[in-house]
Structure formats: structure tokens, C-alpha cells
Amino acid sequence: GASLTGILASGIANTPAGNIVAVTAQAAINELDTEKMSIATYDSDGDGVVDTAEVIVILCRNNTGVTISKMAAVYISGATGQTPTIALAKADAEATSSKTIGVVTADIANNATGLVALLGALRGYNTSAFTDGNTLWLSAATAGGFTATRPAAPNHAVLIGFVAYSHASNGKIA
């Protein structure tokens, strides 16, 4: 086979795809190392079994007619093929709150698939509307939104998580 000598990864173009936004191979490697791999699964003892995971995700499909934004709370609305479909969750009704499964990890365009975090530590979110330690509840006022105030009856109290770090772009939800 051919070999590459004297070519740097920073000089190789990359076409951004999925959740990778880097435009060079080196930048894509750096992005994976610093952002994506920190939430990967680990086999610390090499036995082929995942020992720890910082976040557990599920692949879902958005068929709502609009883009579902990163950090939106969603519920399972059905399935297409063998993939669950999702819609924005809201705490004002049983139908849109009781099936809440998690938080979208990146924008999901209409008729596209994307990841929904079910459990774990979510990094890189805008949590600046909240303070460290706030409890996050599913909002009864805004579909897909969070509130730091527990919804009162007749609304439904759906726990989303806790603000581990309040920040405009590097916030963390646990």
C-alpha cells in the first residue's frame, strides 16, 4: 500500500459530519480527544466489557416537522422502522411528560436521527440561566425547556437533573 510521508494531519481537509465540526483531520482528532471522547465508554481492564460510561445515549428520530435543539428535553412519541421517534416534552400534560426520556445532545433536524442522553453527565450546554446546584425540572410553560422551580399540580414534576456547572457554553448537567 501507499504511505504518506511528510504530511501533517493539520494539512488534510476534513468534511464536517455528524457532531464533528472540525475542518482538518488534526482538528477533528483534537475535537474527539477533548470533547467527544470524554463522554465515551471505557473498558479499563481490557476484558471487552464496558466498565464505566459518563453518559448513556439512545439514537432517536425527529419527525416533528421542525429541528429539535440541543439541550431540549424530549419524550418518546412512537417509532419509525426500528428507531424511536421523539418530540418536545412538557410538564403540563400526562401525554408529553410521562414518557420523558432525556435531553438532546446536539440539534436534530426534521426527519433526521440524533442522540438523546438518557443518563449521565452532559457537558457543553448553556446552563447560564441557572446556578450551580440548581435542580432542573421539566418546564410546564416551555416545550423541551427546564425550570429550577418544581412544577405545581396539576402540572407534572419530572426531574431532569442538576446543574453541576453554570456556564454559557461549557455548562454541565448531571
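The values are calculated or read from the model by the stated rules, or taken from the named source; none is laboratory data. Small disclaimer: the values here were computed from a predicted structure and weren't measured. Heads up, the Cβs are rebuilt from the backbone with ideal geometry, glycines too, and the neighbour counts pull from every protein chain shown. Note: areas computed on protein heavy atoms with side chains; ligands, DNA, RNA excluded. Shrake-Rupley method; radii C 1.70, N 1.55, O 1.52, S 1.80 Å.
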Checklist entry - Of everything in the stretch 144-163 that's outside any loop (DSSP other than H, G, I, E, B) and open to solvent by 50 Å² or more (accessible area, probe 1.4 Å), which residue is nearest to T127 (Cα to Cα)? => result F162
Checklist entry - If you check every pair at least six apart or on different chains, which have Cβ atoms under 8 Å apart with a residue in the stretch 112-126 that is open to solvent by less than 30 Å² (accessible area, probe 1.4 Å) and among the charged types (D, E, K, R) first and a residue that is assigned to a strand (DSSP E or B) and at pLDDT 90 or above second? => result none
Next on the checklist: Can you report the number of residues in the stretch 60-76 which are part of a strand (DSSP E or B) and buried (at least 20 other Cβ atoms within 10 Å of the Cβ)?
Outcome noted: 7
Checklist entry - Is it the case that P84 is open to solvent by 50 Å² or more (accessible area, probe 1.4 Å) and either at pLDDT 95 or above or not in a strand (DSSP E or B) (or both)? => result no
Next on the checklist: Can you say whether I173 is in contact (Cβ under 8 Å) with a residue 60 or more places away in the chain and within 22 Å of V21 (Cα to Cα), as far as the supplied structure shows?
Outcome noted: no
